[in-house]
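Colleague: Dropping a structure here in structure tokens format, bear with me for questions.
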Amino acid sequence: MKRNVGRISACALIVLFFAACASNPYYNPKKPHHTPEGFKNRYPHAEKGSFWKWKFDQWRYGVPETPPGGWNFSVLRPDVAFLKSNRSIDTLTWIGHASFLLQLDGVNILIDPHLSERASPVSFAGPKRVTPPALDFGDLPHIHFVVVSHNHYDHMDEQTLLRLAEQPGGPPWYFVGLGLKRWFEARGIVTAVELDWWEGRVVKGLTIHFVPVQHWSRRGLVDTNETLWGGWMIESQTFRFLHTGDTGYSRDFIDIRRRFGQIDLAAIPVGGYAPRWFMQINHVDPDEAVAIHKDLGVRRSVGMHWGTFAGLTDEPLDEPPKRLAEALARAHISSETFFLMRHGETRLLKGESQERLLVRPPR
């Protein structure tokens, strides 16, 4: 008996030792995506390629290329007065890249908001915006809550998040993955709530869930996968919307469908996929975006993550719409079932036609 007690005590000490050495304060050994150091994807996949090889290839071959006249994507001017006063019509407005304004049941939600000039830790270098944000701070209605899919600079922009915290009427709630709350608190934002995969919260009558996708996280040089990435399911009583964030192709979307059932609209990346040897694990191409659409069994999908920032990936910024059209044709899916929006476009979320709202001429 004493020998067994001694063994149990020794095992307990070993467990406590490794728990103390773990850098992940959220570590739960019962959750397969938790590791002592951080987090990992749910399904096995190959290791991603070398970042520095990719950058060397860009320097060597001169990619990505920019057309002689530069990129010129027109931006529609949303009906700002309508969006600010709207309390009854469910809408979705594409601000650019992965940023959307979602209005459900009179609640205003920003998803991965990015209104700055660069997707970069510094203001003088890094991927630069070639298409201005369709909504600026003065154009926004009062934002009730913000969801952030992960901490990469094209999805989690410090300037934007800090400015939103200063909005009249008080800051929004910020919903983020595990490990990111401390980033907000270090900047004086005390309204951040962090969730693990499959966890949810009820906010102003809506239910939001953090869901798994295949990606990764890093904000600095030594914090790889220390914070959790994911997508967001946002539900009202009559509408279910999924924003996947950044993602590679995985069985996660079949799991999401099994857990939630019918999804009305999904925002899925269609850009940011080249070169495939480097991007494939963490970024889908248009064919894989169509496969996600099918795995989800979603009524409609909207393509995102294209036509906004130069230098994030190697494909020409105007290539994703062409590649998506080809992928949809091969899958016999219509361009209204899986559609693209123009920067600044607002769509109604209900009704068979998903009728576009009136917008002002492009700027």
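Yes/no per residue for (1) free of Cβ contacts under 8 Å to residues at least 40 places away in the same chain; (2) of a type in the set (Lys, Arg); (3) within 22 Å of residue 317 (Cα to Cα); (4) touching a helix residue (DSSP H, G or I) at 6+ places or on another chain (Cβ under 9 Å):
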site	(1), (2), (3), (4)
48	no, yes, no, yes
51	no, no, yes, yes
56	yes, no, yes, no
62	yes, no, yes, no
70	no, no, yes, no
83	no, no, no, yes
86	no, no, no, no
92	no, no, no, no
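Colleague: Residue check, residue 151 against (1) surrounded by fewer than 17 Cβ atoms within 10 Å (Cβ to Cβ); (2) within 30 Å of residue 65 (Cα to Cα), all met but one. Which one?
Modeller: All conditions are met except number (1).
Colleague: Please tell me if residue 314 is touching a residue at least 24 places away in the same chain (Cβ under 8 Å) and within 22 Å of residue 211 (Cβ to Cβ).
Modeller: no
Quick grid of which residues meet (1) over 16 Å from residue 228 (Cα atoms); (2) of a type outside the set (A, V, I, L, M, F, W, C); (3) modelled with pLDDT of 95 or more:
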residue: 134; (1), (2), (3): yes, no, yes
residue: 177; (1), (2), (3): no, yes, yes
residue: 180; (1), (2), (3): no, no, yes
residue: 190; (1), (2), (3): yes, no, yes
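Colleague: Something else: For residues that are in contact (Cβ under 8 Å) with a residue 24 or more places away in the chain and over 23 Å from residue 239 (Cα atoms), scanning just the range 98-117, find the one that is surrounded by the fewest Cβ atoms within 10 Å (Cβ to Cβ).
Modeller: The qualifying residue surrounded by the fewest Cβ atoms within 10 Å (Cβ to Cβ) is 116.
Colleague: On the basis of being outside any loop (DSSP other than H, G, I, E, B), within 30 Å of residue 61 (Cβ to Cβ) and in the same structural domain as residue 302 (by TED's automatic domain parsing), does residue 232 make the cut?
Modeller: no
Colleague: Out of everything in the range 290-326 that is aliphatic (A, V, I, L, M) and in contact with a helix residue (DSSP H, G or I) (Cβ under 7 Å, 6 or more places away or on another chain), what residue ends up being nearest to residue 119 (Cα to Cα)?
Modeller: 324
Colleague: A follow-up question, please. Name the residues in the range 266-281 that are surrounded by fewer than 23 Cβ atoms within 10 Å (Cβ to Cβ) and touching a Phe, Trp or Tyr at 6+ places or on another chain (Cβ under 6 Å), would you?
Modeller: 278, 279
Colleague: Looking at (1) buried (at least 21 other Cβ atoms within 10 Å of the Cβ); (2) farther than 17 Å from residue 104 by Cβ; (3) under 15 Å from the mean Cα position of the chain (by Cα), which one does residue 256 not meet, given that it meets all the others?
Modeller: The one condition residue 256 does not meet is (3).
Colleague: Further question: Hey, among 248, 188, 220, 169, which residue is touching a Leu at 6+ places or on another chain (Cβ under 9 Å) and of a type in the set (Gly, Ala, Ser)?
Modeller: 188
Colleague: Report every pair of residues separated by at least 6 positions or lying on different chains whose Cβ atoms are under 7 Å apart, first residue within the range 328-341 and within 23 Å of residue 73 (Cβ to Cβ) and outside the structural domain of residue 306 (by TED's automatic domain parsing), second surrounded by fewer than 18 Cβ atoms within 10 Å (Cβ to Cβ) and β-branched (Val, Ile, Thr).
Modeller: none
Colleague: How many of the residues making up the range 289-309 are under 16 Å from residue 152 (Cβ atoms) and either out of contact with any strand residue (DSSP E or B) (no Cβ under 9 Å at 6 or more places or on another chain) or at pLDDT below 95 (or both)?
Modeller: Total satisfying the criteria: 0.
Colleague: Now for a separate question. Within the group 251, 219, which residue is closer than 22 Å to residue 193 by Cβ, surrounded by fewer than 24 Cβ atoms within 10 Å (Cβ to Cβ) and either within 14 Å of the chain's Cα centre (by Cα) or in the same structural domain as residue 98 (by TED's automatic domain parsing) (or both)?
Modeller: 219
Colleague: If you don't mind, another one. Which of (1) part of a loop (DSSP other than H, G, I, E, B); (2) more than 13 Å from residue 151 (Cα to Cα) is the odd one out, the single condition residue 216 does not satisfy?
Modeller: In the conditions (1) part of a loop (DSSP other than H, G, I, E, B); (2) more than 13 Å from residue 151 (Cα to Cα), residue 216 misses (2) alone.
The values are calculated or read from the model by the stated rules, or taken from the named source; none is laboratory data. Predicted model only: the values in this text are computed from it and were never measured. Ideal geometry is used to build each Cβ from the backbone, glycine not excepted, and the neighbour counts take in all protein chains shown.
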